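The numbers here are math on the coordinates, done by the rules we state, and not lab data. For clarity, every value in this text was computed on a predicted model and none was experimentally measured. Please note: Cβ atoms are built from the backbone with ideal geometry, for glycine as well, and neighbour counts cover all protein chains shown.
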Amino acid sequence: MAFACGPVPESFERRVTATPREFARDLRQAWPAVQAGTELQRFNLQDGRQALVIEIEADGVRRVGAFTLPQLIVRYRFAPGDEVARRALLTRLARAMQKGGG
């Protein structure tokens, strides 16, 4: 998991391989109480007093040989709170959305 050696910042972004629909599906499976906008570009999560807004933006495709992999930029923005609460929410979310692989 990212931020293993340092504090979880209030905002950051990641690039992931998924379509917006796949990301929304996986997020709903990981966090059933998530609230999503109608365009599936903005998601709101609440864990106790800690809130998190996730925004996604399509970022083209990545080509690996004959494969094309859709890319998203995912922006995470926590509401003000303490770092321990941010880390707990992010750890829970990352574990629930973890895919197979190496």
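Here's the picture: charge each Lys and Arg Cβ at +1 and each Asp and Glu Cβ at -1 in the chain, and of ASN44, ALA96, GLY60 the one pushed furthest to the positive end of that dipole is ALA96. Near TRP31, once Lys and Arg are set to +1 and Asp and Glu to -1 for all other residues with Cβ below 10 Å from its Cβ, the sum equals 0.
Among the trypsin sites (Lys or Arg not before Pro) within the chain, those in coil by DSSP and having at most 14 neighbouring Cβ atoms inside 10 Å are ARG49, LYS99. Please compute the modelled spin-label separation between ARG49 and GLN35, points set 7 Å along Cα→Cβ, answer in nm with one decimal. Those two pseudo-labels are separated by 1.9 nm. Local charge for MET97 was computed over the other residues whose Cβ lies under 13 Å away, with Lys and Arg +1 and Asp and Glu -1, and equals +4. When you filter the GluC sites (Glu not before Pro) in region 30-102 for DSSP loop state and at most 11 other Cβ atoms inside 10 Å of their Cβ, you are left with GLU39. Between GLU13 and THR91, the modelled label-to-label distance comes to 2.8 nm, taking each label 7 Å out from Cα in the direction of the beta carbon.
When only the Cβ of Lys, Arg, Asp and Glu is charged (+1, +1, -1, -1), the dipole of region 11-97 relative to its Cα centre reaches about 180 debye. Assign one of three labels to region 1-44, namely rounded, prolate or oblate, based on the Cα gyration tensor with a ≥ b ≥ c the square roots of its eigenvalues; rounded applies when a/c is under 1.5, prolate when it is not and a/b is larger than b/c, and oblate otherwise. The shape class here is prolate. Working note: Cα atoms of the chain, range along each principal axis, descending, whole Å: 45, 35, 21. Under a 5 Å amide H cut-off, with hydrogens placed 1.01 Å from N, ALA51 pairs with ALA79 among residues at least 5 apart or on other chains.
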